[in-house]
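In what follows, a single structure is set out as C-alpha cells and then discussed.
A short reminder: the numbers here are calculations on the coordinates, not readings from a lab. Everything numeric in this text was worked out from a predicted model, so none of it was measured. We place every Cβ from the backbone using ideal geometry, glycine too, and count neighbours over all the protein chains shown.
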Amino acid sequence: MRSRHPADTRGPSEVRLFGRRVELRSLTPHDFAEWSSVRRANDEWLRPWEPRRPALVQDPAHHRSAFVTRCAARDRDAAAGAAYGFGLFVDGRLAGEINLNHVLRGALQSATIGYWIDQAWAGRSLTAEGVVVLMQFSFEQLDLHRLEVCIVPRNHNSRRVMEKLAIREEGIALRFLEIDGTWEDHVRYGITVEEWHYRRDELRQAWM
C-alpha cells in the first residue's frame with residue numbers, strides 16, 4: 001500500500017484523493033486521448049444508464065474541444081464548491097469516473113454521488129473503494145451532512161456497489177431522471193455524517 005494521505009487538497013480543482021488501490025483526481029485536457037478511448041470502448045455498456053445527449057451537443061468522447069470545455073466547466077464547479085468531478089485511476093490508468101454533484105449548502109448540506117466504471121475493470125470493487133474515499137472527503141473535508149446515490153432499479157451492477165458498502169436504501173423515486181431518453185424510476189440510497197462517524201473505522205479498514 002502506498003503511503004499517502006487520504007486527501008491532498010492543494011486547491012479546489014487540484015484535489016487528489018487516495019484509497020488502497022485507487023486515486024481520484026480531476027480530469028484535464030491531457031487526459032483526452034485515454035478518456036476518449038475508454039468511453040468509446042464502453043459506449044454500449046454505459047449508454048443504458050446515462051442521460052441522452054442533446055442532438056446539437058458535441059460528444060466529448062469524439063471531440064477534444066468538447067472534452068476541454070467539459071474539464072473547464074468542472075473546474076469552475078469545483079472552484080465554486082458546487083460539484084467535484086474525479087477520474088478514477090488505478091496504477092495511473094483511467095478506470096472510470098466518480099463525481100460529487102449538486103452540492104447544496106444552507107439547511108441541506110447535501111450532495112449526490114454518481115459513478116461509472118470501465119467494463120474491463122468491473123467486478124473488482126474499485127467503485128466501492130472510490131465511493132468510500134469520496135464519502136470521507138465529503139464528510140470530513142467539505143463538512144456535508146448527507147450524501148445520496150440514485151440508481152435505476154434494474155442496474156444491478158451499480159446497486160451492488162451500495163450493497164457491498166451496506167448503504168441505507170430509502171425507497172423509490174418515480175420517474176426521477178431522464179435516462180437514455182426515458183424518465184426512469186430510481187432507487188435512492190442515503191448516508192448521513194452521523195452514520196459515517198459510526199461506521200468510519202469499519203469502512204476505512206475495509207477499503208482504505
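The eigenvalues of the Cα gyration tensor, multiplied by 5 and square-rooted, give the chain an equivalent ellipsoid with semi-axes of 24, 21, 18 Å from largest to smallest. Have a look at G123, V57, A111 and report the one farthest towards the positive end of the charge dipole of the chain, computed about the Cα centre with Cβ charges (Lys/Arg +1, Asp/Glu -1). Highest projection toward the positive end goes to G123. Each Lys or Arg adds one and each Asp or Glu takes one away; over the other residues whose Cβ falls under 14 Å from the Cβ of H186, this sums to -4.
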